[in-house]
Amino acid sequence: MMHLFLNCLAASAGSGLTYVRNVVPQLSGRLELRATLVLSPQLRKELGNPPNISFVEIEVPAGAAGRFCWEHSQLPSMIRKSGADVLISAGNFALWRSPVPQILLSGNSLYTSPDFFRDLRARGAYGIWLDTLIRSFFARHSVRWADCTVAPSKAFADTLRVWTGGKVVSIYHGFDPEIFFRDHSPLPSAIQNKIDSGKDALRLIFVSHYNYYRNFETLLRAIPYIQERLGGRDVQLLLTCKLSSEENSGAYRVDAAASLVQHLGISNQVVEFGAVPYHLLRHLIRACDIYVTPAYAETFAHPLVEAMACGLPVVASDLPVHREICGNAAVYFPRFSPQLLADRVVQVEQSSALKKQLVEYGSKRSREFSWRDHVDQIISLAQSLKRSTTGYPRAA
């Protein structure tokens, strides 16, 4: 029986949480598998009691540096005591001198993004710039420390190979329509009322918490161009975040984006919902006309798959990852051009034939992603490493 040890301590927001929440049900109930997960007590509460999975709840020091030090001092002995066969490090950083073969899950494109470093310098965000630079040093070495690194897309795997020279394979993240479409409870009245207030508007939606690399400012600048090219028709942009410093306590400052909304005079067009629970997200997406993403850095983009599954055409920044995930289900624009973003939105809105084509392609494409397939491939890779690697711990 294969015994996997999953280090999930880095899963605290965004794609990390999405990953753990979807992978645990696929690990559950497999007769040929045992799994031990190390994770935060907050995440543990969500995951129930799967029969073949053990959980170790740990409150680690805050911040990446504190977690990194804790992992390297404590995890090796925990792994040995568990009797695990393979370690899966699910947080961009590998364990140096792992006592068992190690698979690193790498999913942060910021470490390899020149656009992100330029953006930080332009904003004067030198603290984040330095922090990212330090993290990128350890992320690069982590690929070399691991026996194999897994990227969630072929495009990002190619980037990692060039960046590190390490062994990197691509295994797509998945999508579980049964979970995504399972909940039939209505939206809270506060959300529904906001949607109803713009029932005659062209509704665009972008699902993301606020950060710099999702390039909100380009999307905001596109709104007046879209309205102008639609002859003054009302346009609404629905956001699953709030452009308010009080609502964003992290390192990314929203002041510039909030000021831009006021400067452009689009306060009535930007509808800020804040975080929407995952089980209600489909209702919000289906209430819209077009999904838009201006991100300049990405590794997979789960909301694109969810939008395609909901029957929305997609307008996406022209990144290799976006083309790989969406293919013919999207139209693309240069990532820093609000004018061409507006052109693509208007193109889709004014062509029923194009919109129908994008929706049909998207529905088909969304069905090609599966969390079960993802876990099957991870287990197969782990079995291969268990058979082929000996002599642990390795020399430096």
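Values in this text are rule-based calculations from the coordinates and carry no lab data. In this text the structure is predicted, and so the values were computed from the model without any measurement. Counting neighbours? That spans all protein chains shown, and the Cβs are built from the backbone with ideal geometry, glycine included.
Evaluate E = 1/(1 + (r/R0)^6) for ASP183 and MET2, where r is the Cβ-Cβ distance and R0 equals 25 Å; express this FRET efficiency to the nearest 0.05.
It comes to 0.15.
Which pairs in the list LYS199/LYS355; LYS194/LYS242; LYS194/LYS364; LYS242/LYS355 are over 22 Å apart, alpha-carbon to alpha-carbon?
Over 22 Å apart, Cα to Cα: LYS194/LYS364; LYS242/LYS355.
Under the rule a/c < 1.5 gives rounded, and otherwise a/b versus b/c splits prolate from oblate, where does the range 255-348 land using the Cα gyration tensor?
Oblate is the answer for the range 255-348, as a/c is 1.5 or above yet b/c matches or exceeds a/b.
Please list 203-215, 295-307 highest first by mean number of surrounding beta-carbon atoms within 10 Å per residue.
Per-residue mean Cβ counts within 10 Å order the peptides as 295-307, 203-215.
Near LYS386, which aspartates and glutamates are there with a Cα under 14 Å away, not counting those fewer than 8 places off in the same chain?
Qualifying aspartates and glutamates at Cα under 14 Å: ASP85, ASP147.
Which residue, chosen from THR299, CYS241, GLN227, occupies the Cα position most advanced towards the positive end of the dipole of the range 179-366, where the dipole is computed from +1 (Lys, Arg) and -1 (Asp, Glu) charges on Cβ about the Cα centre?
THR299
For the range 179-366, give the magnitude of the charge dipole about the Cα centre (Cβ charges: +1 Lys/Arg, -1 Asp/Glu; no others), in debye to the nearest 20.
Charge dipole, the range 179-366, about its Cα centre: 380 debye, nearest 20.
Let me spell out the model: positive unit charges on the Cβ of Lys and Arg, negative unit charges on the Cβ of Asp and Glu, origin at the Cα centre of the chain. What dipole size does that give, in debye rounded to 20?
Working: 42 positive and 34 negative charges, 184 e Å.
Its charge dipole is roughly 880 debye.
Could you give the distance between the Cα centres of the range 328-377 and the range 271-311, to the whole Å?
Computed from Cα coordinates, the inter-centre distance equals 12 Å.
What is the fewest-to-most order of HIS72, HIS263 by other Cβ atoms lying within 10 Å of their Cβ? Kindly include the intermediate steps, with their values, before the conclusion.
Numbers: HIS72 13, HIS263 10.
Result, fewest neighbours first: HIS263, HIS72.
Could you put VAL235, VAL276 in order, starting from the residue whose Cβ has the fewest other Cβ atoms within 10 Å?
Numbers: VAL235 26, VAL276 19.
Starting with the residue having the fewest Cβ neighbours, the order is VAL276, VAL235.
Please report VAL60, VAL23, VAL331 as a ranked list, fewest other C-beta atoms within 10 angstrom at the top and most at the bottom.
Placing the least packed residue first, the sequence is VAL60, VAL331, VAL23.
So what is log10(I(q)/I(0)) for the range 179-366 at q = 0.10, 0.16, 0.18 1/Å, when the Debye sum runs over its Cα atoms only?
Debye intensities relative to I(0), on a log10 scale: -0.36, -1.00, -1.31.
Let me check I've understood the local charge: for HIS263, count other residues with C-beta under 15 angstrom from its C-beta, Lys and Arg +1, Asp and Glu -1. What total comes out? Intermediate results must be reported in sequence, preceding the final value.
Values: positive: ARG221; negative: GLU217, ASP255.
Surrounding charge for HIS263 is -1.
Using only helices, what value at 222 nm comes out for the chain when you add -39,500 (n - 2.57) per DSSP H run of length 4 or more and divide by the total residues, to the nearest 500 deg cm²/dmol?
-14000 deg cm²/dmol, from helical runs alone.
Quick one: among PHE68, PHE55, PHE137, which has the greatest mean-square fluctuation in a GNM of the chain with alpha-carbon springs under 10 angstrom?
PHE137
For the chain, what is the relative contact order in percent, using Cα pairs closer than 8 Å and at least 6 residues apart in sequence? Don't skip to the end; give the middle numbers.
Values: 705 pairs, mean separation 62.3, N = 396.
Relative contact order, the chain: 16 percent.
Local charge sum around LEU341 (other residues, Cβ-Cβ under 14 Å, Lys/Arg +1, Asp/Glu -1)?
Charge balance near LEU341 sits at 0.
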